[in-house]
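Only the coordinates and a few stated rules stand behind these numbers; no lab work does. None of these values were measured; they are calculated from a predicted model. Here the Cβ positions follow ideal geometry from the backbone for every residue, glycine too, while neighbour counts run over all protein chains shown.
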Amino acid sequence: MMRGTMMDYPLTLRPLLERAGKYFPNVEIISRRPDRSLHRANYGSLYRRVPALAEALQEAGLQRGDRVATLCWNHIEHLEAYFGVPLAGGVVHTLNLRLSRDELASIIIHAGDRFLLVDDLLLPQYQALREKVKLERVWVVRTSGKRLPSGYESYEDLLLQATGEFHPPDLSENDAAAMCYTSGTTGMPKGVLYSHRALVLHTLGISLADNFGIAQRDVLLPVVPMYHANAWGIPFAAAMIGAKLVFPGPYLDPPSLLELMESEQVTYAAGVPTVWMGIADLLEKHPGRWKISPRLLITSGGAATPESLFRRYDRLGIELRSSWGMTEMTPAGSTSRVKSTMAHLPEDTQYAVRALAGLPFPLVEARAVSAEGEVPWDGQAMGELQVRGPWVAASYYNMEEAQGRWTDDGWFRTGDVVAIDPEGYIRIADRTKDLIKSGGEWISSVALENALMGHPAVKEAAVIAVPHPKWQERPLAVVVRRDGAQVTCAELLDHLAGNFAKWQLPEAIEFAESIPRTSVGKFQKSALREKYKDWRWG
């Protein structure tokens, strides 16, 4: 056997931070504070403060592999933890601040967190569970500028304890660096441990031009929370490339986001579709009010992006791209752009392609498998999407009972039901738990939702299965009208009729003021199923 002559250079987060600090020290990192002011720092200050955090944590007793939890919004101190904890040899565990007290306590205990960094505005959430978890030390990040409550340690005081003599441990690229728990939509939340290697390769993957397309001259606005799957890896990519970062803090409403986009001339933003629906509403309602960058590129992920939203953003002169992924995938897995060999296709066909989950990223393999085996790439045959690759989890943390999510030959079962077309594009029909089985036939709730949201009078739509005495299940649509718009059930059914068979159409349509959302902004169908569980068909 002949081996190559290349260096055995470990893929860790350290070179990403060093590159930012050495080559781009003056590039800004901006954080919106609770009083709406903008805190301005740069990669030079990040490069100085991260080793101080790492050294101070070691002096506080951090050992290799220890978990340090964060209960924070998106801001520079959270970014310091993203790098400082792993560089000290620990594991940064981002806690979902939208979860209930009991859910958070259960996750902290299961993860074995020793320490916690918490925003001062989020202290009431910690105080509600502190007796349940028994964390050893808690440091408070004073983003609001208010006086530190008695009995708590200051994050800034922690950094001041550093001597400047940080001695980094000899890290392996396979050491755990970060940890995130799944949303628990398919059972108990499950912990995923990201290695340094996985984070570095994922960072390179998302930065490619046909994926997130991040460049050094960009100004990045991660709307996706840093507590959710590493903010899709965007903070790591920004540091590696040296791009300006703009953190929105707790202000994720459309007017606040547009204000930041205008003042900082954001050129790249990422978040879930519901965020971009709200942004589009305002831009259409108030044309010319916000002077946003003509180079703005938006990544929409976390849930299916309706085809109609791509058309709306094209009319606004803004590029929108869809992406798909999971917590277990660090989290990005695919994105959808029209291939150069498909540029001749009709406009409607190209829009349909853009709304797909798309092509797997380089190094990510994907297949669809049914009970009969791997399904053909014909765009019709459906099976469960299975994936593997260097940033796909091989197991959950300390949860042997969940090993059934992996096949005998090492592929991860995503739980998404998909079809793959002859070009290799993935079309997600539904989550297995959201498919509707009516009279022995499957109906995609996602397809119905996207079509409903294509109607000009519809702001949001969610479709769920409701038990039916004859057909087992039938689709029920819950629709939110646009402000001032009027539309009837009959008009919406007529709108759907051209693209769906009669048996696929919703049995009924309920109009609502809003649709409940999960902690990361997706439609919370479980809440709708609970609300309409006793629905009686007429």
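Details
- For D66, the residues 5 or more places off, or on other chains, whose built amide H falls under 5 Å of its own are V91.
- Helix 101-111 and the longest principal axis of the C-alpha atoms of the chain enclose an angle of approximately 60°.
- Taking 1.306 mPa s as the viscosity and 10 °C as the temperature, the Stokes-Einstein diffusion coefficient of the stretch 282-358 based on its alpha-carbon Kirkwood radius rounds to 116 µm²/s.
- Relative to the longest principal axis of the Cα atoms of the chain, helix 273-285 runs at roughly 80 degrees.
- Sequence-distant lysines (8 or more away, or on other chains) whose Cα lies within less than 17 Å of K533: K433, K437, K470, K525
- Taking label positions 7 Å along the Cα-Cβ direction at both D408 and D348, the computed distance is 4.6 nm, reported to one decimal.
- Counting 0.36 nm for each residue step from Y532 to A394 and taking away their Cα separation leaves a gain of 46.0 nm.
- Under the convention that each Lys and Arg Cβ holds +1 and each Asp and Glu Cβ holds -1, the size of the dipole of the stretch 373-509 around its Cα centre is about 420 debye.
- Taking amide H positions as modeled 1.01 Å from N, with prolines and chain starts lacking one, the residues under 5 Å from Q524 and 5 or more places away or on another chain are R517, T518.
- Distances between placed amide hydrogens fall under 5 Å for L193 paired with Y397, all partners being 5 or more residues away or on another chain.
- Seen against the Cα atoms of the chain and their longest principal axis, helix 14-23 is set at about 80 degrees.
- The stretch 172-177 - phi-based ³J(HN,Hα) in whole Hz, Karplus 6.51/-1.76/1.60, Gly and Pro as x: 9, 5, 8, 5, 5, 10
- For the chain, DSSP calls about 55 percent of its internal beta bridges antiparallel.
- Listing R321, R40, R482 from fewest to most neighbouring C-beta atoms within 10 Å gives R40, R482, R321.
- Figure legend: label point modelled 7 angstrom from the Cα of S514 along Cα→Cβ; residues of the stretch 472-496 with amide N under 16 Å from it are 479-483.
- Computed packing ranks the peptides 104-110, 188-194, 312-318, 168-174 as 188-194, 104-110, 312-318, 168-174, most packed first, by mean other Cβ atoms within 10 Å.
- Using θ = phi - 60° in the Karplus curve 6.51 cos²θ - 1.76 cosθ + 1.60, the 3J(HN,Hα) couplings for the stretch 209-221 round to 4, 8, 9, 7, x, 8, 10, 4, 7, 6, 10, 9, 10 Hz; x is entered for Gly and Pro.
- Between E284 and K22, residue separation times 0.36 nm minus the direct Cα-Cα distance comes to 90.1 nm.
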